[in-house]
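Inspection log for the structure reproduced underneath, given as structure tokens.
Readers should treat all values here as calculations from the given coordinates under stated rules, not as data from a laboratory. In this text, all values refer to a predicted model and were calculated from it rather than measured experimentally. Using ideal geometry, Cβ is built from the backbone for each residue, glycine included, and neighbour counts are taken over all protein chains shown.
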Amino acid sequence: MTRLVGAAHTDVGQVRSNNQDAALADPGGGLFAVADGMGGHRGGEVASALTLDTLAAQIRRVRVGPGPLESVDVLVDAVLGANEAVFAEARNNAELFNMGTTLCAVALVGAPGTEHLAVVNVGDSRVYLLRDGELSQLTEDHSLVQSLVRDGQITAAEAAVHPQRNILTRVIGVEPDVEVDWWEWPATTGDRYLLCSDGLFNEVTDAKIAATLRQLADPAEAARALVGMANDGGGRDNITCVVVDVAGDDDGASGNGGGGGGAAAALPDPGPTAAASLASALVDAPPPAEPRPRRLTGRVIGFTLLLLLVFGAAVFAIRTWARHNYFIGTSNGAVTIFRGRPDGILWFDPELVDVTDVSLARLTPAQQEQVKEGYTTSSHADALDWVSQLTTTTTAPKSVTTTTDPSARTTSSTAAGTATSAPTSSIAPPVTPSASGGQPGAGPPPSTPAISAVTAPVLAPAAATTTVPAAPSG
Ligand code: MN
């Protein structure tokens, strides 16, 4: 039966004060992974550790036996589970706000005897394959510079030294859902996989990585040597390497390798025959299968984008509609013009446009009734005109600008200072002056000026006719 053997090594590096990388090397569970955390002082460590813990726990829960996982979906689901766990933890803990992590992992999947090797990836940690002595990068970085390379804007060589090469376009834990890249192909005895964080490949060339992987048969030794090379190269970031070999039945009973530092699991002693079988397996290894990057949720995301587009257009239309409505109300006892809908719509609350110096209390009961019933129009000018028609029929001495021309516009300046001169309107006066109304003495002091500060854009209840706070004029 094909199985995976391997080991991990991780190191804080030469510059950083803590190690936010995490590694998993669990031959018994058939799972190997690297996570490179980020975010805040503590967030990165929590994100990477929580991700690997969740991943391993979920795989353990669904695993039916010692053999391969049922399918790559099991692995992808576990990654999605890890994403949810980190996202939830970040929301529940202010200190961990916006934490995230990369994640790459390998496991055997499929029916025993026809196992496949599955690779999953989110972020810019990498999985390499060493086959027939040739090193190839399997995963594609989810980074800004990789997008630029793909678009032909910069070369791979420029990307390798780009100052913004640490900006990621996809990570675990910062969104409620995440798109997972995955690959699957026949598990070939003798293949060697390297999972690593960017702390390795930013310090060590692919050629040197390949040479080391070819030279050191023991995965634990190879992992340790690679980390050492990155430290020698500067060690400016945390460094993590997991080296995994695909081994067959004839490789002996024990796996090879030993536990490295960090989160690496303890492994059995190196098997004496591992190196030899690896070498012989390389001879008749079939040509490398092309990794098949597939977007698990591509269609779902496309559909979601479409929905968002439709939703956005609807919101825009409603907002436009709401914004092109004006209505009359009161604020602090003054007749006021609002823009929007009287009860608001969606989250578009009415917006105060003009606070007139027309006090509701000094209007006739019939006029007050008119105001309370509200007047709605799509034109600001109409709204102003409506108010001015009110004032020309009141007897309040100083509620409006004095004029001898009853058709003159009398609406006051606005709270926002946008004094508006309404054009001549053809709207008929909407009020029917009542013979019994309009006693100035029943209202507030006639000198009450425009109200300056208003926060409650609601139609005035009956109580609003009682008093108007005396605000300073201006
Ligand atoms: Mn890193």
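Choose one of Pro66, Thr114, Leu31: the residue whose Cα lies farthest towards the positive end of the charge dipole of segment 1-138 (beta-carbon charges +1 Lys, Arg; -1 Asp, Glu; about the Cα centre).
Selected residue: Pro66.
How large is log10 of I(q)/I(0) for segment 46-119 at q = 0.18, 0.26 Å⁻¹ when the intensity is taken from the Debye formula with one equal scatterer per alpha-carbon?
Here log10 of I(q) over I(0) equals -0.68, -1.12.
What is the sum of charges around His162, taking Lys and Arg as +1, Asp and Glu as -1, for the other residues whose C-beta is under 13 Å from the C-beta of His162? Provide the component values of the computation, followed by the final result.
Values: positive: Arg165; negative: Asp124, Asp141, Glu158, Asp198.
Once all neighbours under 13 Å are counted, the net charge is -3.
Evaluate 2.2 N^0.38 Å with N set to the residue count of segment 185-233, then give the Cα radius of gyration divided by it.
Details: Rg = 11.2 Å, N = 49, 2.2 N^0.38 = 9.7 Å.
My calculation over the Cα atoms of segment 185-233 gives 1.16.
If Lys and Arg each add +1 and Asp and Glu each add -1, what is the summed charge of the other residues whose beta carbon sits under 10 Å from the beta carbon of Ser71? Walk me through the intermediate numbers first.
On the way: positive: none; negative: Glu70, Asp73, Asp77, Glu184.
The answer is -4.
Can you put Thr240, Thr212 in order, fewest other beta carbons within 10 Å first? If you can, show how the numbers build up before the last one.
On the way: Thr240 36, Thr212 22.
Arranged by neighbour count, lowest to highest, Thr240, Thr212 become Thr212, Thr240.
Using per-residue counts of other Cβ atoms within 10 Å, averaged over each peptide, order 23-30, 186-193, 58-65, 98-105 from highest down.
Details: 23-30: 22.5, 186-193: 20.9, 58-65: 13.4, 98-105: 27.6.
Ranking the peptides 23-30, 186-193, 58-65, 98-105 by packing returns 98-105, 23-30, 186-193, 58-65.
So for His41, His380, fewest C-beta neighbours within 10 Å to most, what's the order?
Working: His41 11, His380 17.
The order, fewest Cβ neighbours first, is His41, His380.
Would you mind putting 302-312, 146-156 in packing order, based on average other-beta-carbon counts within 10 Å, highest first? Don't skip to the answer; put the middle values down first.
Values: 302-312: 10.4, 146-156: 13.1.
So the order, starting with the most tightly packed, is 146-156, 302-312.
Give, in nm to one decimal, the length gained when the segment between Arg60 and Ala211 is fully stretched (0.36 nm per residue of separation minus the Cα-Cα distance).
Working: separation 151, 0.36 × 151 = 54.36 nm, distance 3.47 nm.
Value of the extension gain: 50.9 nm.
Would you mind ranking Cys241, Cys196 by Cβ crowding within 10 Å, fewest neighbours first? Each step should come with its number before you reach the end.
On the way: Cys241 34, Cys196 28.
Ordered from fewest to most neighbouring Cβ atoms within 10 Å, Cys241, Cys196 come out as Cys196, Cys241.
Based on the mean of other beta carbon atoms within 10 Å per residue, what is the order of 32-40, 125-133, 164-172, most packed first?
Numbers: 32-40: 28.2, 125-133: 20.6, 164-172: 18.3.
Ranked from most to least packed, the peptides come out as 32-40, 125-133, 164-172.
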